[in-house]
Every structure is written in C-alpha cells, then in structure tokens.
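The values are calculated or read from the model by the stated rules, or taken from the named source; none is laboratory data. Everything numeric here is computed off the predicted structure, so don't read it as measured data. Methodologically, a virtual Cβ is constructed for each residue, glycine included, from the backbone with ideal geometry; neighbour enumeration extends over all protein chains shown.
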Amino acid sequence: MVHLIHFESKLHHAQHYIGFVEGDLGQRIALHKMSRGAKLLAAVNEVGIDWHVVRIWRGADRSFERKLKNYKKARCFCPLCGGHL
C-alpha cells in the first residue's frame, strides 16, 4: 500500500512524503511518529511540524510508489493542496 503524508508547513523544500508499506499502515505510521521510519519524517518531527496521512492507494506496490516519487510533484496528488491526479 502506498500512502501520501502532508506536512502542515514545509521543511526546506519538502511538504509531502510518499511511502510504501506491505503490512499494517497503522504500525508504519506509529514508527514514523516515533522518528523510527523515514529520515525525512524524523527531521519533520524534530522541528515540530505536524503531519497527516492524506491519501492511500490500497493494493499499490513499490513500482507505483517509485512512479509517484519520480513525478516529483506530490502536491498534485494531495487533496489538501488541491491535487487532482
């Protein structure tokens, strides 16, 4: 499953994170909240920026995650940023 996380404010240039999890999304989010997941989310947590999972693609695989990341415009997929893709 692929998920999109929206940061309430930017960290340098970044305002989104796209990730993949094979198992329990709730467990993965808990790891991110404890700064034991992605380095970007650990950095966001360190400076106190709130974030939320805003979109989930159930059944999507790592190749789909890579396709989204290679697009380099996660805001286009974010419902909070007016994304329409």
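Filtering region 13-28 to residues that are touching a residue at least 40 places away in the same chain (Cβ under 8 Å) and surrounded by fewer than 18 Cβ atoms within 10 Å (Cβ to Cβ) leaves nothing. Condition first: in a helix (DSSP H, G or I) and either under 16 Å from LEU11 (Cβ atoms) or not basic (Lys, Arg) (or both). Now tell me which residues in region 22-32 satisfy that. Residues satisfying the conditions are LEU25, GLY26, GLN27, ILE29, ALA30, LEU31, HIS32. Restricting region 33-62 to residues that are part of a loop (DSSP other than H, G, I, E, B) and free of Cβ contacts under 8 Å to residues at least 12 places away in the same chain leaves a set whose member that is surrounded by the fewest Cβ atoms within 10 Å (Cβ to Cβ) is GLY48.
How about region 5-37: which of its residues are modelled with pLDDT under 95 and closer than 13 Å to ALA74 by Cα? Once the filter is applied, which keeps residues that are modelled with pLDDT under 95 and closer than 13 Å to ALA74 by Cα, region 5-37 yields only HIS13.
Inclusion of GLY19 among residues that are part of a loop (DSSP other than H, G, I, E, B) and closer than 15 Å to LEU4 by Cα is not warranted. The one condition from (1) part of a helix (DSSP H, G or I); (2) surrounded by 13 or more Cβ atoms within 10 Å (Cβ to Cβ); (3) without any contact (Cβ under 8 Å) to a residue 40 or more places away in the chain; (4) of a type outside the set (A, V, I, L, M) that GLU65 does not meet is (3). For region 35-59, which positions are out of contact with any His (no Cβ under 9 Å at 6 or more places or on another chain), hydrophobic (A, V, I, L, M, F, W, C) and under 17 Å from GLU22 (Cβ atoms)? Once the filter is applied, which keeps residues that are out of contact with any His (no Cβ under 9 Å at 6 or more places or on another chain), hydrophobic (A, V, I, L, M, F, W, C) and under 17 Å from GLU22 (Cβ atoms), region 35-59 yields nothing.
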